[in-house]
Every structure is written in structure tokens, then in C-alpha cells.
Amino acid sequence: MGAQLRVYRRRIRSVSATKKITRAQELIAASRIVKAQQRVAAAKPYADELTRAVSAVATFSNAKHPLTEANPGATRAAVLLVTSDRGFAGAYNSSAIKAAEQLVELLRAEGKEVERFVIGNKGIGYNRFRGRELAGEWNGFSDNPQYSDAKKVAGALIDAFVLPTADGGVDEIHIVSTEFESMLTQNAVAKRVLPLVVEDTDEEPTGGAFPLYEFEPSAAGVLDALLPRYVESRIYNALLQSAASEHAARRKAMKSATENAEDLIRTLTRLANNARQAEITNEISEIVGGADALADATAGSE
């Protein structure tokens, strides 16, 4: 067997082994997408009702609360970036990181100092490589987040928000995550979580008009209880959306890798067949040449 043919066959075996891995990862990601979508759908009613309750308190009371009052002289802002713990997810992490960098540039252009909070090994590694100090970092749950994980992150962010800026606190909290729209589309988005964005509108609230409420012991007390839960639910929803997006992006990337491996195997197989055919042709030529030489030698001896 010729050296070139051995090279082709060795590469075919290597690419075939890689194809098995990418195919397996594609199937695993596809199975996890369904579960992630179900978790997003299951958490949505709770998040909607909690948002409705917070909106009702803000609408029917004049309560002043640090989580609802925007600071016109804000000087410090926190940015929470949600990435994955593992790779092989295509542009999922790079898109989220790019959106976070654009948000940071925008906030700095407004004269605000930015504190970075990161979820996921990929985002943590990206910032550490650039020598950036992180105010908070979490990992180990990007593809299967629990509410306890969101509560832990929300607690750190709320503590930073209520702390005076002179002591290292922040005036605003933003989240950069990836929203799942479909199996083929996932978009990195940046949203302000704190302080709440209050909008004046004449449109009827989602779910119909608010009922009349009486707040006990007070509207401010209700906000104290509701707003931390509201922040937790927003972060939890961002984690669930990002998890579904991660699985969808990984499935898409692994499907593309599998298809590329199949194309490469076909190309290498064709080249190997051409090399084998060239070897066979050369061997036949050598045999025919040897037979002719033998025949000429025999005729000369006669």
C-alpha cells in the first residue's frame, strides 16, 4: 500500500471518530432543548403574575422604594453577563460577550463606572484572560439552572444595589443574556433590571385591568417582599432562556460539524480511491512492462 493511500485512510478514520462525537453531542443537545423549553413555559405563569403584582403596587400606591426610583445622577452600574460553562455552542457565547461589551461601552460613555458580574466559565475565562476584576462570578449550572442559583445571584446584585455608591454599591443593574426564539434563532439581549423601568401608558395591562388592592401592612412593605422575588424571577427567566439557547446553539453547531465531517469523508474517500486506482494502474503497467521485457529476452535467446 502506498504512503499517500495510508495517509488518506488514516485521516478518514480520524474524521469518522470526530463525526461520531459531534453526532452524539447533537442528539444530546436536541433532547435537552425540549426539557429546557418546558422549564421556560412552566416558569412563565409565575413570572407573569409576579410582574403583574409589582405593577399593581406601583400603579395604586405612592410608595417610594429604592428598587423603583431611578437615580438621575447614577455613577456606577452593574452588568450581569450570562454565558455557558462548556463550549461547542457556535456563536452563543461570543454573541452574548459582544452584547455585554457594547453595553459597557455605552454605560462608560454616559460617565458610569461598570462592575462586572459573570455567570458561566466561558465569560469568566474571557474576562480573566484580559486581566479584569470581577465583582461576582458563578459557574456549574449554565445548562441546567435552578431557582436557588438565581436567588444566589439576585442576592449579590441586590446587596450591591442597596449599598451606597460611596461604599462600592451600584445605581443600576443590567442583564445581558440570550433569548430563545426558535431552534434556529437565539438573540443576545441587554435589559435593565434595577431600578424598574416605569412607563406611563393608556393601554390595558396584560391579563386585564388591575383589581383594587389594599396593602397590608403598607405598600412599601409589600414592595420590600415582592421586589426581591421579582428580581429573582427575572434572573431565573434569563437563565432558563439562556440554557435553552445554549442547547439550541450547540445542536446547530454540532449538526453543522457532523455535516462537514461527512463532506470531508466523501472527499477523502474519493482521493483515496484515486490514489488506489493510480497504484493499481502503476502495478499493471509494471507487470505488463515486465512481461514484455521477459518476452523480448526469450525471443533473443532463441
Fill in: Meets criteria (in a helix (DSSP H, G or I), among the acidic types (Asp, Glu) and farther than 26 Å from residue 74 by Cα) for residue 149
yes
Response to the item:
Among residues of the range 72-89 being among the small types (Gly, Ala, Ser) and not in a loop (DSSP other than H, G, I, E, B), the residue nearest to the chain's Cα centre (by Cα) is 78
Worksheet item: Which residue pairs have Cβ atoms under 7 Å apart, sit 6 or more places apart or on different chains, and have a first residue in the range 259-280 that is in a helix (DSSP H, G or I) and a second that is exposed (fewer than 13 other Cβ atoms within 10 Å of the Cβ)?
Response: 275/2; 279/2
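Considering only residues that are of a type in the set (D, E, K, R) and over 13 Å from residue 124 (Cα atoms), which ones fall in the range 75-99? Steps first, please.
Within the range 75-99, the first condition is being of a type in the set (D, E, K, R), and the residues that meet it are 76, 85-86, 98.
Across the range 75-99, the qualifying residues are 76, 98.
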Worksheet, complete the sentence: Matching residues in the range 37-52 (touching a strand residue (DSSP E or B) at 6+ places or on another chain (Cβ under 8 Å) and of a type in the set (A, V, I, L, M, F, W, C)) number 1
Item to complete: Could you grab me the full set of residues in the range 220-252 that are charged (D, E, K, R) and touching a Ser or Thr at 6+ places or on another chain (Cβ under 6 Å)?
Response: 246
Worksheet item: When you look at residue 220, is it at pLDDT 80 or above, surrounded by 14 or more Cβ atoms within 10 Å (Cβ to Cβ) and either of a type outside the set (D, E, K, R) or in a loop (DSSP other than H, G, I, E, B) (or both), yes or no?
Response: no
Item to complete: Would you be able to say whether some residue in the range 95-105 is under 23 Å from residue 230 (Cβ atoms) and modelled with pLDDT under 90?
Response: no
Response to the item:
Selection over the range 1-26 where residues are under 23 Å from the mean Cα position of the chain (by Cα) and either loosely packed, with under 14 Cβ neighbours inside 10 Å or among the aliphatic types (A, V, I, L, M) (or both) yields a count of 2
Item to complete: Go through the range 124-145 and give me each residue that's without any contact (Cβ under 8 Å) to a residue 40 or more places away in the chain, loosely packed, with under 13 Cβ neighbours inside 10 Å and either among the acidic types (Asp, Glu) or assigned to a loop (DSSP other than H, G, I, E, B) (or both).
Response: 130, 131, 132, 133
Discussion item. When you scan the range 157-173, do you find a residue that is in contact with a helix residue (DSSP H, G or I) (Cβ under 8 Å, 6 or more places away or on another chain) and either assigned to a helix (DSSP H, G or I) or within 22 Å of residue 25 (Cβ to Cβ) (or both), even just one?
Written reply: yes
Worksheet item: Going through the range 146-175 one residue at a time, which ones are of a type in the set (Val, Ile, Thr) and either without any contact (Cβ under 8 Å) to a residue 60 or more places away in the chain or closer than 16 Å to residue 97 by Cβ (or both)?
Response: 175
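The values are calculated or read from the model by the stated rules, or taken from the named source; none is laboratory data. Nothing here was measured: the structure is a model prediction, and the numbers come from that model. Please note: Cβ atoms are built from the backbone with ideal geometry, for glycine as well, and neighbour counts cover all protein chains shown.
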